[in-house]
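**Student:** Handing you a structure now.
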Amino acid sequence: MKRRPSSSIPELTPPRRKRGLSEEERALWESVAKQVKPLRKRHRAAKPPAAPPEAEAPVAPKPFASPKPPAPPKIITPPRQEPPPLAPIGRRERSHLSRGRKEIDARLDLHGMTQSRAHHRLFTFLQRAHSDGLTFVLVITGKGKVGGAESERGVLRRQVPLWLSLPEFRSLVVGFEEAHIGHGGEGALYVRVRRSRL
């Protein structure tokens, strides 16, 4: 008497009996196996005894496909951030600085320095002001004398504003303006220092 399968358990097909390889299949397999290089050296197991050939039709072996090596991960570099543009110091703040209502936190005098020395001193001064959380600093360039052999002496007065516009300085500086006559006028600059992000 046949038992009816219960509704909860699906009917299973009986497992197939394993069959041995035919001589043709074994020869094909050995030729493929000779061409493949092992990933690691392993001791080869002894060959199993040959099973007697069966009357079933031979099944063509599946072609051997070597696994592809994984693609290297793509390195994504974050876009380089440009420092923000310079902004002028507001009229009100400039007025407060010139009248002494707003304090100048530090001063740097570049008088008589060479360009390379002045550039280095200005950069280290602004880095320190930035890390110390200062707001306004005064940079004294000197007016320089115009005309004759002395014309080269006004170099720092022309160069410092150009340096302050460079990307490495823009990350430290919000903006700058010519100072009031009481603080040096044309020969000095009020520089607003950028706040450091914590």
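The values are calculated or read from the model by the stated rules, or taken from the named source; none is laboratory data. Since the structure is predicted, the reported quantities are computational estimates derived from the model, not experimental observations. Virtual Cβ from ideal backbone geometry, glycine too; neighbours counted across all protein chains shown. All accessible areas refer to the heavy atoms of the entire protein, side chains included, with ligands and DNA or RNA removed. Shrake-Rupley method; radii C 1.70, N 1.55, O 1.52, S 1.80 Å.
**Student:** Search segment 93-109 for residues that are among the acidic types (Asp, Glu) and pair each with any residue that is open to solvent by 40 Å² or more (accessible area, probe 1.4 Å) and in a loop (DSSP other than H, G, I, E, B) when their beta-carbon atoms are under 7 Å apart and the residues are at least 6 apart or on different chains.
**Tutor:** Listed by first residue and then by second, the contacts come to GLU93/LYS102; ASP105/LEU134; ASP105/THR135.
**Student:** Could you list, in sequence order, all residues of segment 153-188 that are over 20 Å from ARG117 (Cβ atoms), open to solvent by less than 10 Å² (accessible area, probe 1.4 Å) and at pLDDT 85 or above?
**Tutor:** Answer for segment 153-188, where residues must be over 20 Å from ARG117 (Cβ atoms), open to solvent by less than 10 Å² (accessible area, probe 1.4 Å) and at pLDDT 85 or above: just GLY175.
**Student:** Next question, about the same structure. Condition first: aliphatic (A, V, I, L, M) and more than 30 Å from the chain's Cα centre (by Cα). Now tell me which residues in segment 103-137 satisfy that. Please lay out each step first, then the result.
**Tutor:** Initial filter on segment 103-137 (aliphatic (A, V, I, L, M)): 104, 106, 108, 110, 113, 118, 122, 126, 129, 134, 137.
Within segment 103-137, ILE104, ALA106, LEU108, LEU110, MET113, ALA118, VAL137 meet the criteria.
**Student:** Specify which of the listed residues (HIS96, HIS130, HIS119) is farther than 13 Å from LEU189 by Cα, at pLDDT below 85 and open to solvent by less than 60 Å² (accessible area, probe 1.4 Å).
**Tutor:** Values: HIS130 fails: at pLDDT below 85; HIS119 fails: at pLDDT below 85.
Residue meeting the stated conditions: HIS96.
**Student:** Out of all the residues in segment 104-114, which are under 21 Å from SER171 (Cα atoms) and open to solvent by 50 Å² or more (accessible area, probe 1.4 Å)?
**Tutor:** ASP105, ARG107
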